[in-house]
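Below: the structure, in structure tokens.
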Amino acid sequence: MSLSERRSRILALIVDDFVGSAQPVGSQALVERHRLGLSSATIRNEMAALEDEGMITHPHTSAGRIPSHRGYRYYVSSLMPERALTPQEQFTILHQFHQASRDLEEWIGLAASVLANHMRNVALVTQPRLIEVRLKHLQLVELLENRALLVAVTNDSGVHQRTIDFSVPVHQEQLSRLAARLNAEFGGKAVAEFPARDGSEPLSQVEASVIAALTDLLLKEQAAQVDAPIVEGVREMLRQPEFGQSDRMLDTLDAVEERKLRQAIPTDALSQPGVAVVIGDENREGPYQDMSFVLARYGPEGGAGGIVGILGPTRMQYGDAVAHVRYVSDVLTELIREFYGEVD
């Protein structure tokens, strides 16, 4: 849906005013505050149309309006001005990293602290991991005549083991030949790149079992790439008006617990480069549907990396959040490149 120029302007003003004040916005306030050159009646009509279109909503008995989740999405996607940090803001953040020791864990904690202090919301940063898990090489070791140990080494130097049971006897010589062939076919590849079998040459039971176990092992390792995040800024976020009610505060405290937050981070929104904004009911069920994530990946392409971002109420300074997350992501990317070296 595309709004008219006038309605787009009014929606943007409602978002900006509500984000700044946390108070519903009325037509008379818009006229007086922004000198729109339009009557209150005209503004009321346009606000009624925006409400019909699902962009704003009418809270309780208030005469004012607040943005809906759909309105925030339209604002972020179509109306939000591009914001870059000023040279002074960049210098202040960069100076803090340069003051820190050359320690990966300290950088991650500092990134979370910087974002939380600047945005007064929860900041989350995960430890850097190799984002795409690839098989480096595998070994098969006979344990019993119908049981073997699969040892898979991945590109992050991880060593993973899986016991496989076969319905037929198998011995070390056969397992070694199979391991050599699978290394030639699958070595250096992620699961999505494994060669497809056309079915013209059926796999033996042993080979099929090994490939199935290897695939499952690598997929589970891939899923585990998002660690429980480092979290800062919970206290700052809870000072905001949205969390004044005790039940809302308790739900929010539960939502920002590291293990639950790890599962709630919408990693699928990060399939494309850049900063992702996930608003309100675009999130999983529960308290996250009244909150928004602003997220980015950090780390050089093809190398170790993680996730950095902001979690806060839907009433958020989205332009500032995007600018800060983007800049801190860029800083961490450069630090990770220096720490690990250039990626071949």
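The values are calculated or read from the model by the stated rules, or taken from the named source; none is laboratory data. Note that the structure is a prediction, hence the values are computed from the model and not measured. Cβ atoms come from the backbone with ideal geometry, glycine included; neighbour counts cover every protein chain shown. Protein only, heavy atoms only, side chains kept; ligands, DNA and RNA dropped before computing areas. Shrake-Rupley method; radii C 1.70, N 1.55, O 1.52, S 1.80 Å.
Things to note:
- Breaking point among (1) in contact with a helix residue (DSSP H, G or I) (Cβ under 9 Å, 6 or more places away or on another chain); (2) open to solvent by less than 50 Å² (accessible area, probe 1.4 Å), for Arg73: (2)
- Of residues in the range 191-232 being outside any helix (DSSP H, G or I) and open to solvent by 70 Å² or more (accessible area, probe 1.4 Å), the one modelled with the lowest pLDDT: Ser200
- Answer residue from the range 125-161, given it is assigned to a strand (DSSP E or B) and under 23 Å from the mean Cα position of the chain (by Cα) and is nearest to Arg262 (Cα to Cα) among those: Val125
- In the condition set (1) modelled with pLDDT of 95 or more; (2) open to solvent by 40 Å² or more (accessible area, probe 1.4 Å); (3) closer than 19 Å to Arg102 by Cα, Val328 is compliant with all but (2).
- Output for the range 42-61, where each listed residue is open to solvent by 40 Å² or more (accessible area, probe 1.4 Å) and either touching a residue at least 12 places away in the same chain (Cβ under 8 Å) or within 34 Å of the chain's Cα centre (by Cα) (or both): Arg44, Glu51, Asp52, Glu53, Thr57, His58, His60
- Total residues in the range 254-271, condition open to solvent by 80 Å² or more (accessible area, probe 1.4 Å) and within 18 Å of Ser292 (Cβ to Cβ): 4
- Residues of the range 284-303 classified as buried (at least 23 other Cβ atoms within 10 Å of the Cβ) and more than 16 Å from Ile230 (Cβ to Cβ), total: 4
- Any chance Ile108 is modelled with pLDDT of 90 or more and either over 22 Å from the mean Cα position of the chain (by Cα) or β-branched (Val, Ile, Thr) (or both): yes
- Of all residues in the range 13-33, those that are open to solvent by 20 Å² or more (accessible area, probe 1.4 Å) and either touching a Pro at 6+ places or on another chain (Cβ under 6 Å) or in contact (Cβ under 8 Å) with a residue 40 or more places away in the chain (or both) total 4.
- When we screen Tyr298, Tyr288 for residues that are within 30 Å of Glu334 (Cα to Cα), among the hydroxyl-bearing types (Ser, Thr, Tyr) and either touching a Gly at 6+ places or on another chain (Cβ under 9 Å) or in contact (Cβ under 8 Å) with a residue 40 or more places away in the chain (or both), the only hit is Tyr298.
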